[in-house]
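The values are calculated or read from the model by the stated rules, or taken from the named source; none is laboratory data. Not measured: the values here are computed from a predicted model. So basically every Cβ, Gly included, is an ideal-geometry build from the backbone, and we count neighbours across all protein chains shown. In case anyone asks, the SASA skips ligands and DNA or RNA and just uses the protein heavy atoms, side chains included. Shrake-Rupley method; radii C 1.70, N 1.55, O 1.52, S 1.80 Å.
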Amino acid sequence: MAAPASTAPVVTRLRRLLDEAVADGTLGTGSKIPTERALCDSLQASRTAVRGALAELEREGRITRHVGRGTFLAELEADPGLPDAARGVLQTSPAEIMATRLVLEPEIAALAARHATQSDIDHVHHCLRRGNATATYEEFEAWDSALHRAIAAAAHNGLLLRLFDTMNAARDLPVWGSIKRRSATPERRQGYECSHGEIVEALVERDPDAAREHMRGHLVDVRTNLLGPH
């Protein structure tokens, strides 16, 4: 298994690496995945970054780790071309996805403003900076996804995080990616960067109401850009 060099988040690249291995039959349910050292080489990432990515996949239930034995793939997707969580949104639509995001993510942001640790805030800032520094659409999308998930993780609510992951898996569906790409413009990206900055600032200020409203406003803008006036 080999992955090309990329500036996308390490956890995103690791998910893709595992998905490709499942698709080509290299890995299956219960298979032992490569060692941390091998993943560092494949992903061209530091040991710290790989360990963080593995920890995130373990929290998602994608892998299991056993001391002295190694790390194993927990589940095999019914459709090897899609991440496991994406199977739960195959029968939905972009309009339903955006409606669900508007229900969940503003309240998640409010919880994150209350419960985020300094480490959480640092990670959110990292995702924000990396996203703003990207040069391509694909890289910005990857860091955009990572930023929203970092905010969800900062809420410290396991059930909400699992719901978020199921919803966020829609980014891997062709229909969603096609609509997003068609709607992308430099002006809209600039607007998203500004909105992201306002959300993050509200988290830093520990202001749940501002975090909720900035997230809601951001998602309304995204919905309008993707689907037209509601």
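Things to note:
- When residues of segment 1-39 are limited to those that are among the β-branched types (Val, Ile, Thr) and assigned to a loop (DSSP other than H, G, I, E, B), the one modelled with the lowest pLDDT: Thr7
- For segment 206-230, filtering for residues that are free of Cβ contacts under 8 Å to residues at least 60 places away in the same chain and not in a helix (DSSP H, G or I) leaves 3.
- Consider segment 144-159 and keep the residues that are within 14 Å of the chain's Cα centre (by Cα) and of a type in the set (A, V, I, L, M, F, W, C). The one that is surrounded by the most Cβ atoms within 10 Å (Cβ to Cβ) is Ile151.
- Pairs, first closer than 17 Å to Ala55 by Cβ in segment 147-160, second among the β-branched types (Val, Ile, Thr) and surrounded by fewer than 17 Cβ atoms within 10 Å (Cβ to Cβ), C-beta under 9 Å, six or more apart: Ala154/Thr117; His156/Thr117
- Some residue of segment 60-82 being within 27 Å of Thr136 (Cβ to Cβ), surrounded by 15 or more Cβ atoms within 10 Å (Cβ to Cβ) and at pLDDT 75 or above: yes
- Complete set of residues in segment 96-143 that are part of a helix (DSSP H, G or I), of a type in the set (A, V, I, L, M) and open to solvent by 60 Å² or more (accessible area, probe 1.4 Å): Val103, Ala133
- Residue within segment 106-126 that is within 19 Å of Asn225 (Cα to Cα) and small (Gly, Ala, Ser) present: no
- Looking across segment 16-38, the residues that are farther than 15 Å from Arg65 by Cα and more than 19 Å from the chain's Cα centre (by Cα) come down to Ala21, Val22, Ala23, Asp24, Gly25, Thr26, Leu27, Gly28, Arg37, Ala38.
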